[in-house]
Structure formats: C-alpha cells, structure tokens
C-alpha cells in the first residue's frame, strides 16, 4: 500500500492502473478510522480492483465553534488499519493542496433541498463544504465507484444528488452503519465521550428502535412521536438537536401515505454531537 500527498503523484499512479484496465473505488474519510470506515474499504474492494482511501480533515465543512482544531489526526494508525483491510492507495493531502487559494476564494458546490433541514439547519455551510470537497475528490480520483456510510444519511443523499445533477460518472454506494454491541453507531467522535457518557450514549439507538416499533404498529402521529423521542433523549441526559421522521428519498417530513420512512436524530451528550438514523418500510 502506498501513501501520496500530492495530486500530481495521485494522478500519475491512477493513470497507470487505468491503462491496465483496472476499476477504481474511492472511500473519502477524515481519518481517525474505526471499524465503520474499514467496512467501507472492504465494500469498495469487493466492487473494484483498486481502492483509494482519502484522508483529509476538510476545514470547509466545520463551523466556527466546531472541533476542527481538536479533530484527531492519526495517519500512522490509519495506514496500518487500511493496509490490513486491503486498501491500495492512501491520498492524504494537506489543506494547501486542496485549497491553494484559500477557503475564501474557493469555488463552492451547493446541493439544494436535500442539504436543507436536519444537520443542514444545525450546521450552516456544512453540506456546502462536504459537497465541494467530494466533488473535487471525484474529479481528482475519477473513481468508478465511491462508498459512503449510511450513518451519515443526509450526507449520502446530498452526494447522490450531487453526482446525479452534475452527471458525474460514478456509482455512489451506501454501506450499512456499523455498531457497537450495545447499538451505538461507530463514530470518530465517540472518543470524545467520558466513561459515564459512553454508558448513556446507546439510548440514541434504543430511542430510534422504539420509535420504529411504534411506526410499525401503525402510528402516524409523527409530530407526537418525534416529541416523545426528544423527551426520552432529554430524560436520559442528552440535549436533542432534532428527531425527525422523513420520507427516505426526499428527506422531507413524512406523510401518512409514505411507505419508506427514515428516522433522523442528532443530540448532544456533553459536548459531543451524536447522529444516527434508522430506515423502515411500512
């Protein structure tokens, strides 16, 4: 496995693979990798000959008071995990390689509708940053397939629309959320949790499952169910950001006729923001 830091070197290596007729898969990450990320790499390896994992802590997708400066940079450990998972190439550029003219002068990509509401409402500019850097990675790597986790459900919807609307010839694949034994979705930010907070955190997934059970039993009073879920999270010691029941395709508030539903949740536990989701078919 090789690691490169420059676009020039990346393109030179990938040109060689393409000349050999190899298909290329991309797994974009911000590093600090866990088993969830590794599952994306394995899925990409099943669907392509060459797997490129990018590691880039993207400043454009962080808000003013978020954890850009403290987000863990663990390149050596990440390289070891990726090598064991069968990754081919690591692309780990610096900020100046991606944004040579600075963030203020960077062309930005805006994906309307699906990026609005939910995390888009709570983190203004976040999905603009995600869409911009993913579009750049698609152009730099020119992958045949790209794999993203379903844990970031809204992000996956944004990227699918981005690729579709801009006619980027890449197949965007969603991979199931990887969970701890107690149901907590694996996340790089789980490391911020104290021991006490870690014991509380699984209530997020339990609340999703309880609400999904209520929906499966035929309840359609969505606003009441959402409030019940927020109350359950609050009682457990979290600060709910949102708990929304939406149409799985549009991410708009669900109607009583919708059959494909997704429950989206974000909540703070201490200073750590946890997100999760659960999709059901009625």
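So here's what we get for this one:
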read-out	value
Any chance residue 266 is outside any helix (DSSP H, G or I) and either in contact with a helix residue (DSSP H, G or I) (Cβ under 6 Å, 6 or more places away or on another chain) or within 26 Å of residue 159 (Cβ to Cβ) (or both)	yes
Pick from the stretch 8-32, criterion within 23 Å of the chain's Cα centre (by Cα) and outside any loop (DSSP other than H, G, I, E, B), ranking: surrounded by the most Cβ atoms within 10 Å (Cβ to Cβ)	27
Boolean, residue 121 is assigned by TED's automatic domain parsing to the domain that holds residue 41 and surrounded by fewer than 17 Cβ atoms within 10 Å (Cβ to Cβ)	yes
Filtered residues of the stretch 42-51 (kept if over 18 Å from residue 140 (Cα atoms) and in contact (Cβ under 8 Å) with a residue 60 or more places away in the chain)	43, 47
Residue 51 vs. criteria in the same structural domain as residue 150 (by TED's automatic domain parsing), in a strand (DSSP E or B) and in contact with a strand residue (DSSP E or B) (Cβ under 6 Å, 6 or more places away or on another chain)	yes
Qualifying residues in the stretch 220-243 (those that are out of contact with any helix residue (DSSP H, G or I) (no Cβ under 6 Å at 6 or more places or on another chain) and not in a helix (DSSP H, G or I)) - the one surrounded by the fewest Cβ atoms within 10 Å (Cβ to Cβ)	221
Some residue of the stretch 194-217 being under 27 Å from residue 252 (Cβ atoms) and part of a strand (DSSP E or B)	no
In the stretch 158-170, the residues that are surrounded by fewer than 23 Cβ atoms within 10 Å (Cβ to Cβ) and part of a helix (DSSP H, G or I)	160, 161, 163, 164, 165
Subset of the stretch 195-212 [out of contact with any strand residue (DSSP E or B) (no Cβ under 6 Å at 6 or more places or on another chain), crowded, with 19+ Cβ neighbours inside 10 Å and more than 16 Å from residue 179 (Cβ to Cβ)]	none
Hey, residue 178 under 26 Å from residue 27 (Cβ atoms), at pLDDT 95 or above and touching a strand residue (DSSP E or B) at 6+ places or on another chain (Cβ under 7 Å) or not	no
Among (1) in contact with a strand residue (DSSP E or B) (Cβ under 8 Å, 6 or more places away or on another chain); (2) over 21 Å from residue 55 (Cβ atoms); (3) not assigned by TED's automatic domain parsing to the domain that holds residue 63 - the single one residue 192 does not satisfy	(2)
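The values are calculated or read from the model by the stated rules, or taken from the named source; none is laboratory data. Predicted model only: the values in this text are computed from it and were never measured. Backbone-built Cβ (ideal geometry, glycine too); neighbour counts: all protein chains shown.
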